[in-house]
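A short worksheet on the structure shown next.
Read the figures in this text as sums done on the coordinates, not as results from a lab. The structure displayed is predicted, hence computed values, not measured ones. With ideal geometry, Cβ positions are generated from the backbone for all residues, glycine too; neighbour counts draw on all protein chains shown.
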Amino acid sequence: MRTEPVLIGVAGDSGAGKSTLIRELSQLLGPDKVAVIGLDDYHSLNRQERKAVGITPLNPRANNLGLFIEHLYRLRQGEKVLKPVYDHDTGDFGDPEWVEPRPFIICEGLHPFCFGVLAEMYDYRVYYDTHPELKVAWKVQRDAAHRGYTVEQVRREIRQRQWDIRGFVEPQWWYADTVVTLIPPADDGSVIGVQLKEPPPGTQHSGSECWVGAQTLKPREAGKIRTAREWYGGREMWVTAITMPLTQEELRELGTAFGITEAVLRRVKGEEAIPFQVLLSLLAARLEQIRKQKESYGRERYAVGG
Amino acid sequence: MPSAVKFPAPGKYRELERKACAIRQDVIRMLAAAGSGHPGGSLSAVEILTALYFHVLRVDPRQPGDPERDRFILSKGHAAPALYATLAERGFFPLSWLEDLRRLGSPLQGHPDMRKVPGVEMSTGSLGQGLSVGVGMALAGRIRESGCRVYALLGDGECQEGQVWEAAMAAAHYRLRNLVAIVDRNGLQIDGPTEEVLALEPLADKWKAFGWSVVAVDGHDFGELLSAFESVGHARRPTAVIARTVKGKGVSLMENQVDWHGKAPNREQGEQALKELQERGEATWR
């Protein structure tokens, strides 16, 4: 019995840390079970042509999203697809490559939820964001080290991009099941924190499981997890913030509350789990649950059909 | 350049498979009636031709001279029976013409003639020349600012000809993204396996080194073939589709047999082959 793959969308600005998240997440889920599709490959114009037309890749019109939808449908049907490949070094397209359907298919890029039809296709949607301070700090680190830019130059470049980001990328958070934000370390702690914003129960597919689950846990009493209800972009969102590392014991408690499997918990090494690791295990648990639901759905349907 | 080829509706593959089966039967009937011809290479290219003429090519049998049409060049001209059968099934000329293959005075000769057969874009048969013509057509199409595409089907043994690589070099130089070379990689030529006569491998790397975009597919799988044609024109380079095929595909008597490169089936063998193809065709109807 064939089970449809779980389609996961990860949206976010370039440089927000999407690829790091996905690399670590696929380690948790099992690298042979995950296929990753980058939306950058679906640019419709190469660098020269974009320059001639006067359009940035942040604009959805410079992307062949029709082909992307077509490919998503085919992967969901269990067919393999021939994906174009965009080479960032040359700014042109390379040879296309085959993508085989696997249990988890993660689509990451600037516009995975660009419009409703596309957003509806996924089983789980993550909007991945990074606090502006962190983004500047990381970009300075990277560009100053490899390309010799100054801090001021980097800030100016970020300012120039911001209108396209605000216009085309940021609005997609509306479709997300979880809005993940990395927040800079608090004064007392030294680790980067994680903030999860979820729509209230009943308004979207997944509801606010983290928020509800976190209400009764020990880490919350110890002040390591904070919960709140906030207005965000004209809508109420339930916020869970993990700002400090959790001990193994606390992580296990979290694990039982959210159904994080033993296999995932075992991979968290060391005595303490930093907030990013907690985020990864929460996401992995959620995706495995969706996978299980799909499998049982397939069996039931098979049984009814005789 | 936007994609010219759209993905087919769900039932389309079945339809294409049925067409391919009908074309195979036409080929066997033609060759058995003529008593000579090339069944091996014709049968291996049937799916490629079917995918092109029934889904990919923008051609209209009522206007075979439309300047905006897509061009198809059968560079391996000895596979003419498959081309004739496909053109007839597509409606370029009546199916009854097929009975007169290789007869005196018939338009359908052993190798295709562009002046006599509607829908044939280039007279071919002398191997190695088709891709050069394709380069010229693609270049002309670009100069005329036409959106037309040019597809050339080459045999794998044909790739031993020097002229093929001269054309490959020119196509990459002019960045002809509207040109597609399809290599029917069945691994056999008239004198034996290609790798023993004059080795071609690594064939994909050769095309890549000449500056082409290369896609390797199963040449009998419509899903893969159509995906490959859909990817044409993304990069500013010509595309080479290397289609792995089986010589004499569909008739167990002829599959992977060098002897059947240029030998027509006799009456008995023809009937046996037709029976096998009909059984397979009925299976696709179910």
- Semi-axes of the range A:1-141's equivalent ellipsoid from the Cα gyration tensor, sqrt of 5 times each eigenvalue, largest first, rounded to whole Å? 24, 20, 14
- Item | Compactness relative to 2.2 N^0.38 Å, alpha carbon Rg of the range A:38-81 | 1.34
- Contact order relative to length for chain A, counting C-alpha pairs under 8 Å separated by 6 or more residues, stands in percent at 20 percent
- Hey, fewest Cβ within 10 Å first, where do B:H55, A:H71, B:H111, A:H88 land in order? A:H88, B:H111, B:H55, A:H71
- Helix-derived [θ] at 222 nm for chain A: sum -39500 (n - 2.57) over DSSP H runs of at least 4, divide by residue count, nearest 500? -12000 deg cm²/dmol
- Asserting the computed 222 nm helical MRE of chain B (DSSP H runs at least 4 long, -39500 (n - 2.57) per run, divided by residue count, to nearest 500) equals -12000 deg cm²/dmol
- Task: Quick one: go through the range B:134-177 and flag any residue whose amide nitrogen is under 15 Å from the point 7 Å out along the Cα-to-Cβ line of B:A199.
- Result: none
- Between the range B:230-286 and the range A:36-71, what is the C-alpha centre distance in whole Å? 38 Å
- Message: Quick check for me: using +1 on Lys/Arg Cβ and -1 on Asp/Glu Cβ, what's the dipole size of the range B:123-181 about its Cα centre, in debye to the nearest 20?
- Response: 380 debye
- If each Cα of the range B:22-95 is one equal point scatterer, what is log10 of I(q)/I(0) from the Debye formula at q = 0.20, 0.23, 0.25 Å⁻¹? -0.83, -1.06, -1.20
- Could you work out how far the C-alpha centroid of the range B:104-131 sits from that of the range A:263-279, in angstrom? 69 Å
- Local electrostatic count, B:D259, Cβ distance below 12 Å [Lys/Arg +1, Asp/Glu -1]: 0
- Task: Name the most mobile residue of B:L198, B:L16, B:L104, meaning the one with the largest mean-square fluctuation, in a Gaussian network model of chain B with Cα contacts below 10 Å.
- Result: B:L104
- Item | Extension gain (nm, one decimal) between B:S126 and B:Q63, 0.36 nm per residue minus Cα-Cα | 19.9 nm
- Task: With only Lys, Arg, Asp and Glu charged, each at its Cβ (+1 for the first two, -1 for the last two), find how big the charge dipole of the range B:142-286 is about the Cα centre; round to the nearest 20 debye.
- Result: 820 debye
- Note on the structure: Cα pairs beyond 48 Å in the protein assembly as shown, in percent, come to 28 percent
- Message: Just to be sure I understand the curve: with the Debye formula and one point per C-alpha of chain B, what is log10 I(q)/I(0) at q = 0.13, 0.14, 0.15 Å⁻¹?
- Response: -0.83, -0.98, -1.14
- Long-range tail of P(r) for the range B:179-272 (Cα pairs > 22 Å, %): 41 percent
- Query: Any idea what % of Cα-Cα pairs in chain A are farther than 37 Å?
  - Reply: 17 percent
